[in-house]
Amino acid sequence: MYGQPFSGVTMEFTIKSGNIEKLRSACLVVGVHEVRHLTPAAQQLDKISRNYITTTLKRADFRGKAGQTLLLHDVPRTACERILIVGCGPEKDLDDAAVQKIISRIAFTLNDAGIKDAVSCLSELNVKGRDLHWKVRQTVEVVSDSLYRFDLLKSKKNDGAVIFNKLAQFITERGSVAAAKKALTEGQAVARGVELVKKLGNLPANICTPAYLANEAKTLAKKYSTIKVQVLEQADMKKINMGSLLAVARGSRQPPKLIILNYQGGKKTDKPVTLVGKGVTFDTGGISIKPAQAMDEMKFDMCGAASVLGTINTIAELKLPINVVGVIPATENMPDGNASKPGDIVTSMSGQTIEILNTDAEGRLILCDALTYSERFKPDVVIDIATLTGACVIALGKHASGLLSNHEPLAHDLLEAGKQSCDRAWELPLWEDYQEQLKSNFADMANIGGREAGTITAACFLARFTRKFRWAHLDIAGTAWKTGHHKGATGRPVPLLTQYLINRCNS
Ligand code: BES
Ligand code: MN
Ligand code: ZN
């Protein structure tokens, strides 16, 4: 049951063009700007129906506020059963956030109304600084995200079931259809990668163990001939002296796994992009145990790992002509008679010694060995993705992932990819000045750097293991999941990483 690679909604997306008057659909979605300023599609329908739309909007006091909706039935002389009018706000204010709000309102409205399929005319909207490709792809991503439910472990699945599952996007210009289809394919691949990350993130730690993640990787390899998987066991890690990773795994009954995925879409000789994802399937803090409050959320501490699996799934689906290696150190962080203790000193695979002053700073301890291991792939660049520090949530909140890098052009490319895909990151400095905070009296370094600049000192720790290659670190502690009423994994930063990889293929 939990073995199914995907849960959630299976939405069907298509592109349509032709004559809007003849469109047969259960529901046609058209936009109206504030104040009652009809978009071209709405104007056309108004004309066919002999001003039925304008008259009704006035009668219904519909002004066109962003996200406002009005469902009309049997509009005279139109071919579709219903028309959903959606407010798009003032035309000049239509930015990314407004579009996202409008699209997700449409998804909820259609679903709540029990409508199975619809045709949207919103690709004609003028969005500040965005082209057709972005609008089509964003629509797919936002609709999929809005209607996602995690009900794998609920016994009654029909409770709040998703009814709306087919969306066509209407393209006015025939010449743009091919471009729109390409955007649709990208959007669907990203949405499926995101969905995989959400599933793995939302699964509880008693199901989603290191072994479960390894099996998920093997499932990907079965699905795509371009993906190969290798899993290193505890004994293998001992042989290559991964003393730091093993120190975290000591306290756990679940054996750790080092999962390596190899996606080959490019030439054999192309240097790979290596993605390293933190896979702590549950972080109790270890002997430096965390308080009980919200500790359940530490099941999400493997979201970096999940984003590596999700991104590789997405690019395999898109058949990107590029080589990508995924490296996932997976383990639990548990207190136990055999667990590492504060003050313990371990030797990492790199040979550098580490004094573990806080067992809750475990992410960097598993990542450092995975980063050293990555050297063997002769990577062009290495990007690690980790729910690494609570300090990052304090600094940036849940809107941006933290970005730190030893290579300015790489940082720039990732920031740009984040802007393009609406999955933004924000850079923090990785200056040598901060390194002194990691001084240890007894080893080469300590695994914590004190209260100040917690996100930066965590990255400074990793930087000591990445001197041999171009590297960037994404701290996704704030962006990987939502808390409160909508608690759940977000699937970030799959859109950012996919965009970065697509851009590399195009340059
Ligand atoms: N997984 C946590 C980071 C985290 C905490 C993410 C809360 C999201 C919400 C990480 O392993 C951790 O415990 N970090 C410590 C580091 C500290 C001991 C230096 C932290 O941030 O408190
Ligand atoms: Mn921790
Ligand atoms: Zn952690």
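The values are calculated or read from the model by the stated rules, or taken from the named source; none is laboratory data. Keep in mind it's a predicted model, so treat the numbers as computed, not measured. Using ideal geometry, Cβ is built from the backbone for each residue, glycine included, and neighbour counts are taken over all protein chains shown. SASA here: full protein model, heavy atoms, side chains in, ligands and nucleic acids out. Shrake-Rupley method; radii C 1.70, N 1.55, O 1.52, S 1.80 Å.
Scattering from segment 306-415 was approximated by placing one identical point on each alpha carbon and applying the Debye formula without solvent; log10 I(q)/I(0) at 0.23 1/Å stands at -1.49. Among the protein heavy atoms, those of Val231 account for about 30 Å² of accessible surface (1.4 Å probe, every chain in place). Computed with a 1.4 Å probe over protein heavy atoms only, the accessible surface of segment 223-355 comes to 38 Å² per residue. Within the accessible area of segment 202-250, the carbon and sulfur atoms contribute 53%, probe 1.4 Å, all protein chains present. For segment 168-198, the set of GluC sites (Glu not before Pro) satisfying both a DSSP loop assignment and a count of at most 12 other C-beta atoms within 10 Å is given as Glu173. Only helices enter this figure: runs of n ≥ 4 DSSP H residues, each worth -39500 (n - 2.57), summed and divided by the residues of the chain, yield -11000 deg cm²/dmol at 222 nm to the nearest 500. Protein heavy-atom accessible surface, 1.4 Å probe, per residue over segment 457-507: 34 Å². For segment 1-125, the solvent-accessible area of protein heavy atoms averages 47 Å² per residue (probe radius 1.4 Å; ligands and nucleic acids excluded). The charge dipole of segment 310-360, taken about its Cα centre with unit charges on the Cβ atoms of Lys, Arg (+1), Asp and Glu (-1) only, comes to about 260 debye.
Rounded to the nearest 20, the Cβ-based charge dipole of the chain about its Cα centre (Lys and Arg +1, Asp and Glu -1) stands at 1620 debye.
Classify segment 175-260 from the C-alpha gyration tensor, please: rounded if a/c falls under 1.5, else prolate or oblate depending on whether a/b exceeds b/c.
Working: a/c = 3.35, a/b = 2.28, b/c = 1.47.
Judged from the Cα gyration tensor, segment 175-260 comes out prolate (a/c at least 1.5, a/b above b/c).
When segment 423-504 is described by a simple charge dipole with +1 on each Lys and Arg Cβ and -1 on each Asp and Glu Cβ, the residue from Ile448, Phe461, Thr483 located farthest towards its positive end is Thr483.
State the three equivalent ellipsoid semi-axes of segment 43-119, derived from the C-alpha gyration tensor as the square roots of 5 times its eigenvalues, in descending order and whole Å.
Details: eigenvalues 88, 56, 22 Å².
For segment 43-119, the semi-axes come out at 21, 17, 10 Å.
Restricting to Cα pairs below 8 Å that are 6+ residues apart, what does the relative contact order work out to for segment 33-78? Please round to a whole percent. Each step should come with its number before you reach the end.
Values: 36 pairs, mean separation 22.9, N = 46.
Across segment 33-78, relative contact order equals 50 percent.
The calculated Kirkwood hydrodynamic radius for segment 327-387 is 12.9 Å, given to one decimal from all distinct C-alpha pairs.
Carbon and sulfur: what percent of segment 1-100's accessible surface (1.4 Å probe)? Write down the numbers at each step before the final one.
Working: 2390 of 5070 Å².
Carbon and sulfur atoms account for 47 percent of the accessible area of segment 1-100.
Working note: Karplus 6.51/-1.76/1.60 with θ = phi - 60° gives segment 435-440 the couplings 4, 5, 5, 9, 4, 10 Hz, where Gly and Pro are set to x. Taking square-rooted eigenvalues a ≥ b ≥ c of the alpha carbon gyration tensor, is segment 122-210 rounded, prolate or oblate, where a/c under 1.5 means rounded and, failing that, a/b exceeding b/c means prolate? Prolate, since a/c reaches 1.5 and a/b exceeds b/c. With the Cα gyration tensor of segment 204-351 giving a ≥ b ≥ c as the square roots of its eigenvalues, does the rule (a/c under 1.5 for rounded; else a/b larger than b/c for prolate; else oblate) give rounded, prolate or oblate? In terms of gyration-tensor shape, prolate. Surface listing: Leu365, Leu70 arranged by accessible area from highest to lowest gives Leu70, Leu365, probe 1.4 Å.
The Kirkwood hydrodynamic radius of the chain, based on inverse pair distances between different Cα atoms, is 23.9 Å.
Could you tally the net charge around Phe377, taking each other residue with its Cβ under 14 Å from the Cβ of Phe377, Lys/Arg +1 and Asp/Glu -1? Its environment carries a net charge of +3.
Compare the peptides 150-157, 47-54, 131-138 by average per-residue count of other Cβ atoms within 10 angstrom and give them in order, highest first.
Values: 150-157: 11.8, 47-54: 16.6, 131-138: 20.0.
Per-residue Cβ counts within 10 Å, averaged per peptide and sorted highest first, yield 131-138, 47-54, 150-157.
What's the carbon and sulfur percent of segment 302-402's accessible surface, probe 1.4 angstrom, rounded to a whole number?
Details: 1580 of 2870 Å².
With neighbouring chains kept in place, the figure for segment 302-402 is 55 percent.
Under a model in which nothing but the beta-carbon of Lys, Arg (+1) and Asp, Glu (-1) is charged, segment 254-387 shows a dipole of about 620 debye around its Cα centre. Extent along the principal axes, Cα only, for segment 260-326: 49, 21, 12 Å, with the longest axis given first.
Can you tell me the relative contact order of the chain? Whole percent, Cα pairs under 8 Å, sequence separation 6 or more. Let's see the in-between values first.
Working: 1153 pairs, mean separation 69.6, N = 507.
Answer for the chain is 14 percent.
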